[in-house]
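The values are calculated or read from the model by the stated rules, or taken from the named source; none is laboratory data. Not measured: the values here are computed from a predicted model. Glycine gets a Cβ as well: all are built from the backbone with ideal geometry, and neighbour counts include every protein chain shown. The protein model used for the area step is the full one, side chains on, heavy atoms only, and it has no ligands, DNA or RNA in it. Shrake-Rupley method; radii C 1.70, N 1.55, O 1.52, S 1.80 Å.
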Amino acid sequence: MTDTARLMRVRFDQRARHLGLTRPQWSVIATLARNEGIKQAALADLLEIEPITLCRQIDRMEEGGWIERRTDPTDRRARLPHLTPKAHAVLEQGRTLATGLYAEALAGLPPDAEAMLVEMLAHMRANLSDRRAEPPAKTAAQKIAAKA
């Protein structure tokens, strides 16, 4: 899985280079497109990066004209990130690149393989997300063995 993910990232970078965004910036744009106006801390959680890392990245993207920060109507201190028209203009191109990349990766597999793969990966993610820091529960046999 790691090798496949790495190869997909490399291929996406190669194909998207002409659009002027890095893959982490694409992740911000794609996630922000689905969560326009979200607080930066919540966006960092969705991206699974540290808030300070996201803040620096948004600073650079704001300087590049990809993102603008707007005042939060419920909290004067907060500034919420929004995509600019420049980001919206290339968003569809990035989605098209990603769709083509997935099609290339899945080429030659049976028609139902994509749905099965998505289902299995979602299941694995849920297993790992729901039990992040919890040790595995002991079975009745392990509890009896521990008492002996």
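Some notes on this structure:
- Just one of the listed residues (Arg15, Arg23, Arg95, Arg11) is out of contact with any strand residue (DSSP E or B) (no Cβ under 8 Å at 6 or more places or on another chain), at pLDDT below 95 and over 25 Å from Arg125 (Cβ atoms), namely Arg15.
- For the criterion of being among the hydroxyl-bearing types (Ser, Thr, Tyr), surrounded by 11 or more Cβ atoms within 10 Å (Cβ to Cβ), modelled with pLDDT under 90 and under 26 Å from Thr99 (Cβ atoms), Thr31 fails.
- One residue from Leu80, Leu54, Leu47 being touching a Lys or Arg at 6+ places or on another chain (Cβ under 9 Å), open to solvent by less than 60 Å² (accessible area, probe 1.4 Å) and either at pLDDT 95 or above or on the phi < 0 side of the Ramachandran plot (or both): Leu80
- All of Glu62, Glu36, Glu68 fail the test of being in contact with a His (Cβ under 8 Å, 6 or more places away or on another chain), open to solvent by 40 Å² or more (accessible area, probe 1.4 Å) and modelled with pLDDT of 95 or more, apart from Glu68.
- Close contacts from the stretch 45-74, counting a first residue that is in contact (Cβ under 8 Å) with a residue 40 or more places away in the chain and a second that is of a type in the set (A, V, I, L, M, F, W, C), with Cβ to Cβ under 6 Å and a gap of 6+ residues or different chains, come to Trp66/Ala87.
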